[in-house]
1. Hey, can you tell me all the residues within the stretch 1-15 that are within 15 Å of the ligand (Cβ to nearest atom), under 18 Å from the mean Cα position of the chain (by Cα) and not basic (K, R)?
2. Please work out which residue is least open to solvent (accessible area, probe 1.4 Å), limiting yourself to the stretch 39-74 and to residues that are touching a residue at least 40 places away in the same chain (Cβ under 8 Å) and not hydrophobic (A, V, I, L, M, F, W, C).
3. If only one of N215, N184 is of a type outside the set (G, A, S), surrounded by fewer than 23 Cβ atoms within 10 Å (Cβ to Cβ) and in contact with a Pro (Cβ under 8 Å, 6 or more places away or on another chain), which one is it?
4. Could you check how many residues of the stretch 1-40 are part of a loop (DSSP other than H, G, I, E, B), under 22 Å from K224 (Cβ atoms) and touching a Leu at 6+ places or on another chain (Cβ under 7 Å)?
5. So, in the stretch 132-141, of the ones that are in a helix (DSSP H, G or I) and away from the ligand (no atom under 16 Å from the Cβ), which residue ends up nearest to A160 (Cα to Cα)?
6. Anything in the stretch 1-13 that is closer than 19 Å to F47 by Cα and open to solvent by 30 Å² or more (accessible area, probe 1.4 Å)? List them, or say none.
7. Just to be sure I understand the filter: pairs with C-beta atoms under 9 Å, separated by 6 or more residues or on different chains, first member in the stretch 1-14 and closer than 12 Å to F240 by Cβ, second member within 15 Å of the ligand (Cβ to nearest atom) and part of a loop (DSSP other than H, G, I, E, B). Which pairs pass?
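The values are calculated or read from the model by the stated rules, or taken from the named source; none is laboratory data. Treat the numbers as computed from the prediction; the structure is a model and nothing was measured. Cβ sites come from the backbone with ideal geometry, for glycine too, and all protein chains shown count toward neighbours. Note: accessible area is taken over every heavy atom of the protein model, side chains too, but ligands, DNA and RNA are not part of it. Shrake-Rupley method; radii C 1.70, N 1.55, O 1.52, S 1.80 Å.
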Amino acid sequence: MAKKLVIGNWKMNPETSAQAARLAREVGKGARRFKKTEIALCVPHVFLGVRLLSSLRKGAQDIFYEKAGAFTGEVSAGMAKSLGARYVLVGHSERRALGDTEESINKKMRAALSAGLVPVLCVGETSRDGENHYLHKVKEELKSALKGLSRSALSRVVVAYEPVWAVGAKAKGALPPEEALHMNLFIRKAFSDVAGERAAKRLKVLYGGSVDPKNAGVFLEKGKMDGILVGRESLDPKRFLAIVRAAHGA
Ligand code: PGA
């Protein structure tokens, strides 16, 4: 069975590099017990140089799509890769709210893949309606992000389903677990339309949005998710590792 993937998204935390190093060390030590699970931390760019124990993989939270040049404040995929990143979140809802568009997200997917990073494409509706328009939105986000990617590039993509209304401190709560399987299958089907059935079978679909140690297992077991994208709870080593434990047992 393929390894489950648990990714912590630190967002714009913690405040100092010393705190980042401490947090990474604590999580790394605890993570040694869970060899059957791939565990990654997506850290702010300025902390990409932080040393991680070999029990952890490193990830960035975003990258810019150009390789180099006059783009003040931006960070390229190659730069993140050179600091040891394996993963990068692309199209996280908080980045979309700050200006990412379908076009820039597609360019970021290409840049990540050509630098050898694994893009974790985040998709999800901002709200739900009774007429399934939200499903259309999720499908469109997926298709536009994957547009023009080669088969071999597509086979390296990870998708995280994060309903925006379930993400962050102001969330209305997590997705009802019985919905998770439905969305998992829906995303896999939409992915298969673009990438073919074989790639869709191998695709890792993660769930993210208000995951905690109590509900994590349900998304993996009932929702048959391949992993979890954890925001707030990734800042507390004990709680994050409890989520990893749930994935490990699932
Ligand atoms: P949350 O965030 O777990 O704090 O809801 C999830 C995410 O932003 O990926």
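1. Correct list: L5, V6, I7, G8, N9, W10, M12, N13.
2. Applying the filter and picking the extreme gives G59.
3. Going through N215, N184 in turn, just one is of a type outside the set (G, A, S), surrounded by fewer than 23 Cβ atoms within 10 Å (Cβ to Cβ) and in contact with a Pro (Cβ under 8 Å, 6 or more places away or on another chain): N215.
4. 0
5. Looking at the filtered set, the residue picked out is K139.
6. Within the stretch 1-13, K11, M12, N13 meet the criteria.
7. These pairs meet every condition: G8/G231; N9/Q61; N9/H92; N9/G231; W10/P44; W10/Q61; W10/G231.
Per-residue answers, yes or no, for (1) more than 21 Å from Y207 (Cβ to Cβ); (2) within 16 Å of the chain's Cα centre (by Cα):
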position: S17; (1), (2): yes, no
position: V50; (1), (2): yes, no
position: E66; (1), (2): yes, no
position: A80; (1), (2): yes, yes
position: G84; (1), (2): yes, no
position: A97; (1), (2): no, no
position: I105; (1), (2): no, yes
